[in-house]
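First up is the structure itself, then whatever we jot down about it.
The values are calculated or read from the model by the stated rules, or taken from the named source; none is laboratory data. Keep in mind it's a predicted model, so treat the numbers as computed, not measured. Cβ placement follows ideal geometry from the backbone for every residue including glycine, while neighbour counts extend to all protein chains displayed. These area figures cover heavy atoms from the full protein model, side chains too; ligands, DNA and RNA do not enter into them. Shrake-Rupley method; radii C 1.70, N 1.55, O 1.52, S 1.80 Å.
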There are 2 protein chains.
Amino acid sequence: MNTSRKTLTMADVARRAGVSPMTVSRAFKTDSSVSEATRQAILKAADDLGYVFDSTASNLRSQRTDFIAVTIPSINNANFADTVRGLSEGLKPRGLQILLGYTDYDMAEEERLIEQFLRRRPEAIVVTGGRHTPRARRMLENAGIPVIETWDLPDKPIGHVIGFSNAQAVRGMVDHFVAKGLTRIAFIGGDTTRDTRGADRRNGFVAAMQAHGLDASRLIAAGVPPISMREGAEAMARLLETLPDTEAVICVSDLSAFGALTECQRRGVDVPGRLWIAGFGDYEIAEISVPALTTINPFPRDIGARTAALILDVLDGKQDAAAKIAISPELMLRQSTG
Amino acid sequence: MNTSRKTLTMADVARRAGVSPMTVSRAFKTDSSVSEATRQAILKAADDLGYVFDSTASNLRSQRTDFIAVTIPSINNANFADTVRGLSEGLKPRGLQILLGYTDYDMAEEERLIEQFLRRRPEAIVVTGGRHTPRARRMLENAGIPVIETWDLPDKPIGHVIGFSNAQAVRGMVDHFVAKGLTRIAFIGGDTTRDTRGADRRNGFVAAMQAHGLDASRLIAAGVPPISMREGAEAMARLLETLPDTEAVICVSDLSAFGALTECQRRGVDVPGRLWIAGFGDYEIAEISVPALTTINPFPRDIGARTAALILDVLDGKQDAAAKIAISPELMLRQSTG
DNA sequence: TTCTATTTGGGTAACGATACCAAAGTGAAA
DNA sequence: TTTCACTTTGGTATCGTTACCCAAATAGAA
């Protein structure tokens, strides 16, 4: 095919099709005014030559990249993956490309990522959470593009917000347990504030317990966040040894909850007979494990879908004020809690 | 801060720092020849103004984007996520950015994605699997950049290959079961060839069974790939009803294997007492579930890390011939198989 | 002090597409 | 036929950075 390594440009295509480069440019845009006949001739010529449209030139001249920058804490998390899926499905019809990066739950890394991304001139930027380094915050404020914070409801948003209060969601779970007559409730989570949403959940747990006048000190720290199944199992082992009279455990995520459940299975501890276990996130495993896990569904895909819809509205000028969209997480009661 | 919406350029920074734009450009590259004093002054000036480097212009002029395009079947799969992690960690020190897209196990979608990506002029492109539409294959062949196919060992690679034979990996599992004296072995997988690696695994199962002179017809089709926990559970229900004398089941992935296991738990079928179950992928759940699942570890992270290393070598000109790197998946024997 | 390396900084053109403006072509109405 | 409204095509300059080439400054050697 294209054996010569010389770069082909629209000028080459234009020459072959007997038109001007300008017309070639138009032929490659769906909505522009070229007669269908010439467009087909041009696309044919381009195909014959093996021409590949060069976005880098287009980006510079048109000052549009069609990139939407998205940062998530981890690429290996089904919840965030669902948000990205919702986002990308909403953006695809408009030809917007996601520029995805993960911060590894590290705000310094997030700052670096945001800086790298802004250099690439995205049309908008979506970040996870409402907490950032001061410099990251400043960069976002001055970026001159729509900024959407997700998975949280920060007090002082940078721009748009689509999320929920992690603390309040956990409070709902605690309220439910207390209503069922439980008092000795524990929380399993990471041992730092690195995962800020995880820390918010723990804070929500403590606040809710205190609001009920209950002991909020049954906190099992299970290593550096994000904690997963293994850490959940280890934490449960410690819980069973140090606080054997615990009646229920709320875990920072379904993954740690499932790990905790497996530890009970290994030790012959009956769930929910002797101990209740709940998670967070409504991962697939929560629904299918035996027993199925009570959890909280924050509708990750919706977060993504609504973020996409918002971005399109803002880019279309249909939305000028900063939006604040609250998602209502749903308590999913299953067998692991009675 | 930067209230005016007018775009700042290097010329603005140059004026403020009292140097030429050319020197500003040098100050933003780490290895170029500017005195440390002027560099600091320039960076200070840039920071004062709120200048943000414009990659789009840089990309065009330098004909380098520092993008590595990567397509994976699904963003919601821990195996592929691990590969991406290995990749991005290997590429980060060189300032290479991953441009990630997912095909949803659809070759037509992969073709569209590849076309979109090539327009952005990446330095290299990594694809999952060795099967593509003819047009996608042609585009990759003519892209003029390194192409790496992963997670497979195709007969006719486009360029470089880093992967393993899915069929052969499953054959190892069958061999093990047969050596243990089992003969009635079933396979649970998706019901189309949409997931080509999944289809390869099923083919490997059939070939291995036939090689042993055993009945290879115990194939449970469990819906449109990729199948996950729920489909695994449904398939197991069907298997237990239609072929109750089955001694062992190999599942196309650990997720479906775990789903199958939960169905056994719901029905009181003892695993491994009455039935063995094995998966593929060595997901975290395989190690922690009760019983732990026998599986095959294809070292997804290694695939990514070695792909990154290969890309760097090729870009450095240290590697000119097409590499063919075979990963050896490891059989992980756990409690679910005796 | 003179002269040769070496470092540091500047000028100019170009990367390849498209925004903007203008002209030519087309068909219907007058 | 002429005019007008509209569609289709072309010409030119430009987006913001950097490759390339060269000059000035500085350092070190003789």
Margin query: Here's a check for you: in the stretch A:37-52, which residue that is of a type outside the set (S, T, Y) and closer than 21 Å to B:I145 by Cβ is farthest from DNA strand D (Cβ to nearest atom)?
Written below: A:G50
Checklist line | When residues of the stretch B:17-36 are limited to those that are within 19 Å of B:L49 (Cα to Cα) and more than 11 Å from DNA strand D (Cβ to nearest atom), the one most open to solvent (accessible area, probe 1.4 Å) | finding: B:G18
Checklist line | Only listed residue being open to solvent by 20 Å² or more (accessible area, probe 1.4 Å) and small (G, A, S), chosen from B:G232, B:G279, B:G268 | finding: B:G268
Next item on the list: Filter the stretch A:49-59 down to the residues that are touching a residue at least 40 places away in the same chain (Cβ under 8 Å) and assigned to a helix (DSSP H, G or I), then identify the one that is most open to solvent (accessible area, probe 1.4 Å).
Entry: A:L49
Margin query: Kindly evaluate A:R274 against the criterion of being surrounded by fewer than 23 Cβ atoms within 10 Å (Cβ to Cβ), over 25 Å from A:P154 (Cα atoms) and within 13 Å of chain B (Cβ to nearest Cβ).
Written below: no
Check: Looking at the stretch B:94-158, what strands (runs of 3 or more DSSP E) fall wholly within it and have at least 1 residues that are within 28 Å of B:A169 (Cα to Cα), more than 14 Å from every other protein chain (Cβ to nearest Cβ) and not charged (D, E, K, R)?
Finding: B:124-128, B:147-150
Checklist line | Matching residues in the stretch A:60-90 - criterion: being within 16 Å of DNA strand D (Cβ to nearest atom), touching a strand residue (DSSP E or B) at 6+ places or on another chain (Cβ under 9 Å) and open to solvent by 20 Å² or more (accessible area, probe 1.4 Å) | finding: A:D66
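Restricting attention to the stretch B:60-87, and to residues there that are part of a helix (DSSP H, G or I), within 16 Å of DNA strand C (Cβ to nearest atom) and not charged (D, E, K, R), which single residue is nearest to the other protein chains (Cβ to nearest Cβ)?
B:L60
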Item checked: Extreme residue, farthest from B:T193 (Cα to Cα), among residues of the stretch B:253-265 that are open to solvent by 10 Å² or more (accessible area, probe 1.4 Å) and touching a residue at least 24 places away in the same chain (Cβ under 8 Å) -> B:E263
Checklist line | Residue among B:A14, B:A46 that is more than 12 Å from DNA strand C (Cβ to nearest atom), open to solvent by less than 30 Å² (accessible area, probe 1.4 Å) and part of a helix (DSSP H, G or I) | finding: B:A46
Item checked: Which listed residue, of A:R131, A:R201, A:R184, is on the phi < 0 side of the Ramachandran plot and surrounded by fewer than 17 Cβ atoms within 10 Å (Cβ to Cβ) -> A:R184
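Quick check on A:E247: is it open to solvent by 10 Å² or more (accessible area, probe 1.4 Å), acidic (D, E) and under 26 Å from the mean Cα position of the chain (by Cα)? Give the steps one after another, and end with the answer.
Working: open to solvent by 10 Å² or more (accessible area, probe 1.4 Å): yes; acidic (D, E): yes; under 26 Å from the mean Cα position of the chain (by Cα): no.
Judged against the criteria, A:E247 is not a match.
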Next item on the list: Tell me, yes or no, whether the stretch B:297-304 has at least one residue that is open to solvent by 10 Å² or more (accessible area, probe 1.4 Å), under 21 Å from B:F177 (Cβ atoms) and without any contact (Cβ under 8 Å) to a residue 12 or more places away in the chain.
Entry: no
